[in-house]
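Taking it in order: structure first as structure tokens, then the write-up.
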Amino acid sequence: MLLDTLIQQIVNGVTLGGMYALIALGYTLVYGIMLMINFAHSEMFMGGAYVGLFTMEALINPRLVGAGTVQFFTKSGLGLVLLFAIVFLVAGIAIGVVGIITERFAYRPLRNAPRLAPLISAIGVSIFLQNAVLLWIDSKALPFPQVFPVKDLKLYGTASISTLQIFILVSVVVLLIVLDTFISKTRVGKAMRATSQDRDAAGLMGVNINTVIALAFFIGPALGAVAGIFNGMYYGTVNWNMGFIPGIKSFTAAVIGGIGNLRGAMLGGFVLGIIESLAAGFLSTGYKDVVAFIILILVLIFRPGGLLGESVVEKV
């Protein structure tokens, strides 16, 4: 029974950690380039869930697309793949554009201001987006369409993994690999790394700093939007304040892994998800948040740079 519980909680933790990792990448991308914490990022996660919800409802509504199209999207393997590809693409692009607009009007004018100014601006954007959804959409939780065929596959004893968990894990791993390859191998990725290391020097070498920063604010929210869709699929509902707790947890994951380090954010997300699930399974669900933040405090005390980050001494 103990081994069954251990395996089950690890499976749950890896699934949860994958979603944390996607959100944490948005925090770490922006911090790595601008040295600011974009606290509005949690609302990008929430916004992605809503855009994904409305897009999917439209695509499976026979009055809008026809009964034959709905049958194709929901009853065939190719249709399901195409359905989710469209939903992820629409949500990613829409929320990515929101991220670019946020950067352009809320952060760019404050780029040379003291660090506290963009931080306050980020909190203001977060509150604005939360209340906009609360007032313009609905204050109640909306059910997320369950079109994905969910089946439980036995692992060991009573432990199992669902087809939805497999889908989330595979999708997350693919996205993480694609992003890591893009940042490390492509010309644009190298420009982003150069901007992260020295913004002024990168500008002198011909890098368009504004474009690089805008791209970071597009990629991060787009990944957060995908995580929001996964969250809606996994838990079955979306609501206007769903981004707050996952946002704080994902920021914690980014710090644990090493804020500013992409692979550290990925690692931190999975570590935090597993720790939370183990705490919920062996202690109580009420203690999972306590354990998670105790781990954060310990990491900050004994390894301030995070698991994969480096402690850098600022020169005077």
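Throughout, read-outs are computed from the coordinates displayed, never taken from laboratory work. Fair warning: this is a prediction, and the values are worked out from it, not measured in the lab. Please note: Cβ atoms are built from the backbone with ideal geometry, for glycine as well, and neighbour counts cover all protein chains shown.
Between ILE93 and TYR234, what FRET efficiency follows from the Cβ-Cβ distance if R0 is 22 Å, with the result rounded to 0.05? Between ILE93 and TYR234 the formula returns 0.45. Projected label points at GLN146 and VAL81, each 7 Å from Cα along the beta carbon direction, are separated by 2.6 nanometres.
Counting only complete DSSP H runs, which helices of the chain cover 24 Å or more along their long axis at the Cα atoms and score a mean Kyte-Doolittle of 1.6 or above?
On the way: long enough: 2-34 (46 Å, 1.29); 41-59 (27 Å, 0.66); 77-102 (37 Å, 2.72); 116-136 (30 Å, 1.79); 163-185 (32 Å, 2.16); 209-235 (39 Å, 1.47); 262-282 (30 Å, 1.45).
Once both thresholds are applied, what remains is 77-102, 116-136, 163-185.
Kirkwood hydrodynamic radius computed over the range 33-127 comes to 15.3 Å, based on all pairs of distinct alpha carbons.
Pull up the cross-link candidates among the aspartates and glutamates for LYS249, meaning alpha carbon to alpha carbon under 17 Å and not fewer than 8 places away within one chain. Straight-line reach from LYS249, under 17 Å: GLU43, GLU276, ASP289.
LEU2 to LEU300: FRET efficiency via 1/(1 + (r/R0)^6), r the Cβ-Cβ distance, R0 41 Å, to the nearest 0.05? Once rounded, the FRET efficiency stands at 0.85. The dipole here belongs to the range 169-241: it is taken about the Cα centre, uses +1 on the Cβ of Lys and Arg and -1 on the Cβ of Asp and Glu, and is about 160 debye.
By the helix-only formula, in which each DSSP H run with n ≥ 4 contributes -39500 (n - 2.57) and the sum is divided by residues, the chain has a 222 nm mean residue ellipticity of -24500 deg cm²/dmol. Within the straight-line cut-off of under 23 Å between alpha carbons, the lysines reachable from LYS75 are LYS151, sequence neighbours fewer than 8 places apart in one chain being disregarded. For a modelled paramagnetic label at MET205, 7 Å from Cα along Cα-to-Cβ, the residues of the range 179-195 in reach, with backbone nitrogen under 11 Å, are 190-195.
Remark: relative contact order (the range 112-265) = 27 percent; criterion is Cα-Cα distance under 8 angstrom and separation of 6 or more residues. With unit charges on the beta carbon (Lys/Arg positive, Asp/Glu negative), name the residue among ASN208, THR285, SER162 whose Cα is farthest towards the positive pole of the charge dipole of the range 158-316. Looking along the dipole axis, the top candidate is ASN208.
Contour minus end-to-end for ALA117 and ILE137, with contour as 0.36 nm per residue of separation and end-to-end as the Cα-Cα distance?
Working: separation 20, 0.36 × 20 = 7.20 nm, distance 2.98 nm.
Computed gain between ALA117 and ILE137 is 4.2 nm.
In this simple spin-label model, placing a label point 7 Å from the Cα along the Cα-to-Cβ direction at both PHE128 and GLN197 gives a separation of 3.6 nm.
The amide H of LEU155, built 1.01 Å from its N in the peptide plane, has SER160, ILE161 as neighbours under 5 Å, considering only residues 5 or more places off or on other chains. Note on the chain: with charges restricted to the Cβ of Lys and Arg (+1) and Asp and Glu (-1), its dipole about the Cα centre is near 460 debye.
Here each label is just a point 7 Å from Cα along the line to Cβ, and for ASP289 and ALA58 those points are 3.5 nm apart.
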